[in-house]
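K.L.:
I am attaching a structure below and will ask some questions about it afterwards.
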Amino acid sequence: MMTSGEDLGTALAGLERASRHRLAEHWAEYFGAPPPPRTSRSLMIRAVAYKMQQRALGGLSAATRRLLSGQGPAAVRRRRTLSPGTVLIREWHGIGHQVTILEKGVLYRGLRYRSMSEVARLVTGARWSGPRFFGVQA
């Protein structure tokens, strides 16, 4: 078992010089089975090198594993919710815009909107993140 980055570097460099038989032994150690017939030496070196690095340095992050498995990114979790009754004010081109957070949606100039983003789009004429527009930190 490797204990340092230097040991890992030495082991990885040694793969280029390793015999095909030794590479097959490494493959079986890391993958739990011998390499498929006619597996190229180059592929064995790369696969074994990856597994050595994975064991020594850790594998892919959970988010990357999900992405590669086709599951896509994890659902975004809201870190902060605003309580109903919270008032947010933003000045845009010299005009103050105020929204009041409701149980569902926001109140802007006496009308109810589904989201702060809807209000931000109404104010600016462009698509904005409502929380960003009104300065809410995540």
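The values are calculated or read from the model by the stated rules, or taken from the named source; none is laboratory data. These numbers come from a predicted model, not from an experiment. Cβ atoms come from the backbone with ideal geometry, glycine included; neighbour counts cover every protein chain shown. We work out accessible area using only protein heavy atoms, side chains counted, and drop any ligands, DNA or RNA first. Shrake-Rupley method; radii C 1.70, N 1.55, O 1.52, S 1.80 Å.
K.L.:
Condition test on Arg66, is it open to solvent by 100 Å² or more (accessible area, probe 1.4 Å), over 16 Å from Phe134 (Cβ atoms) and of a type outside the set (Phe, Trp, Tyr)? Before you say what the answer is, go through the steps one by one.
P.N.:
Numbers: open to solvent by 100 Å² or more (accessible area, probe 1.4 Å): no; over 16 Å from Phe134 (Cβ atoms): yes; of a type outside the set (Phe, Trp, Tyr): yes.
Criteria not met by Arg66.
K.L.:
A further question follows. Cβ-Cβ distance below 7 Å, separation of 6 or more or different chains: which pairs start in the range 87-98 with a residue that is in contact (Cβ under 8 Å) with a residue 12 or more places away in the chain and end on one that is loosely packed, with under 11 Cβ neighbours inside 10 Å and part of a loop (DSSP other than H, G, I, E, B)?
P.N.:
Partner pairs satisfying both residue conditions: Arg90/Gly135.
K.L.:
Looking only at the range 94-138, count how many residues are surrounded by 16 or more Cβ atoms within 10 Å (Cβ to Cβ), hydroxyl-bearing (Ser, Thr, Tyr) and more than 28 Å from the chain's Cα centre (by Cα).
P.N.:
Of the residues in that region, 2 qualify.
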